[in-house]
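Single-structure report; data block below.
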Amino acid sequence: QTAYRRIPGPRRQRLHRRAIEVLKAQDPRPLMQIAHHTLALGDREGWLTWAEAAADQAIAVGDSGTATALLHEILAQDRLRGDLRSRAALALARIAAQGVDIANSTRVLTRILGDPQLPVADRGEVHLGLGMLMVGQAGDRAGFREIEKAAGELADRPERAVRAMVALAINERDGAAAQAEEWLDRAEQVLARHPDPTAHAAVRAARLTLLARDGDP
């Protein structure tokens with residue numbers, strides 16, 4: 001850091017540009033490093049492009065911690081384009097329950113839900129991600145209310161709606177267990193119209209879980 005600060009500004013700019021050229025030639029491209037040097041050049045739009053690509057790359061390899069940090073940085077930007085904001089919000093919603101930054105993710109997702117321009121299906125995704133984060137990581141049962149909202153908002157994304165219904169079906173407390181079969185029946189009705197092998201397996205696993213819980217031989 002001391003050496004970096006002693007390099008004259010124009011030379012630093014040239015070095016960052018050269019670093020980007022070298023990094024772009026690598027296979028696979030180290031997207032986080034490219035994003036870092038792009039931001040150091042003061043190119044905010046370029047940084048957003050590379051940062052989003054780096055987050056996608058991190059998600060693809062299962063590095064939810066890195067992806068979460070990048071998505072938080074993107075969503076913290078002022079005057080963010082609507083399309084990028086929606087994509088980043090959806091990506092964060094889908095991985096939030098796997099991350100470790102529970103408080104920050106909860107705050108960011110809650111803030112996103114305050115946007116009246118958020119499309120209904122996107123709102124459902126965010127409700128689902130927030131609910132799963134609250135229930136799974138924070139132990140906050142209020143998350144089931146968020147998941148129930150998601151189930152009603154995800155009609156255009158049936159496999160995600162089924163994910164919400166399965167989560168609601170395995171909620172055993174506060175009298176919710178009595179509605180388990182109803183939620184699974186609704187999920188199967190959705191799957192009858194929109195078959196999805198993964199969602200079907202989730203419903204089947206939930207039914208087996210309930211049978212085992214009830215001691216059904």
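Details
- Residues of region 3-51 that turn out to be over 30 Å from R87 (Cβ atoms) and touching a Phe, Trp or Tyr at 6+ places or on another chain (Cβ under 8 Å), as a count: 1
- Just one of the listed residues (A169, A97, A150, A180) is modelled with pLDDT under 95, under 27 Å from H72 (Cβ atoms), surrounded by 13 or more Cβ atoms within 10 Å (Cβ to Cβ) and touching a Leu at 6+ places or on another chain (Cβ under 6 Å), namely A97.
- Some residue of region 94-117 being farther than 24 Å from L168 by Cα, under 14 Å from the mean Cα position of the chain (by Cα) and either in a helix (DSSP H, G or I) or of a type in the set (F, W, Y) (or both): yes
- Filter result for the condition that a residue is surrounded by fewer than 20 Cβ atoms within 10 Å (Cβ to Cβ), within 17 Å of the chain's Cα centre (by Cα) and closer than 19 Å to A91 by Cβ, over R157, R163: R157
- Look at region 192-217: where a residue is closer than 16 Å to E181 by Cα, no partner that is open to solvent by 90 Å² or more (accessible area, probe 1.4 Å) and small (G, A, S) sits 6+ places away or on another chain with Cβ atoms under 7 Å.
- Taken as a whole, region 25-33 holds at least one residue that is closer than 20 Å to Q77 by Cβ, of a type in the set (A, V, I, L, M, F, W, C) and touching a helix residue (DSSP H, G or I) at 6+ places or on another chain (Cβ under 9 Å).
- A178 satisfies every condition listed in (1) more than 20 Å from A142 (Cβ to Cβ); (2) without any contact (Cβ under 8 Å) to a residue 24 or more places away in the chain except (1).
- A212 vs. criteria surrounded by 12 or more Cβ atoms within 10 Å (Cβ to Cβ) and either among the small types (G, A, S) or closer than 22 Å to M134 by Cα (or both): no
- Unique match (being free of Cβ contacts under 8 Å to residues at least 40 places away in the same chain, within 14 Å of the chain's Cα centre (by Cα) and closer than 18 Å to R157 by Cβ) among S64, S86: S86
- Some residue of region 75-82 being in contact with a Pro (Cβ under 9 Å, 6 or more places away or on another chain) and either under 30 Å from G124 (Cα atoms) or small (G, A, S) (or both): no
- When residues in region 1-48 are screened for being open to solvent by 90 Å² or more (accessible area, probe 1.4 Å), within 18 Å of A67 (Cα to Cα) and either outside any helix (DSSP H, G or I) or aromatic (F, W, Y) (or both), 2 of them pass.
- Only listed residue being among the basic types (K, R), over 26 Å from G42 (Cβ atoms), open to solvent by 10 Å² or more (accessible area, probe 1.4 Å) and without any contact (Cβ under 8 Å) to a residue 24 or more places away in the chain, chosen from R111, R123: R111
The values are calculated or read from the model by the stated rules, or taken from the named source; none is laboratory data. On a predicted model such as this, the values are computed, not experimentally measured, just so you know. Cβ atoms come from the backbone with ideal geometry, glycine included; neighbour counts cover every protein chain shown. The accessibility values were calculated without ligands, DNA or RNA, using every heavy atom of the protein model including side chains. Shrake-Rupley method; radii C 1.70, N 1.55, O 1.52, S 1.80 Å.
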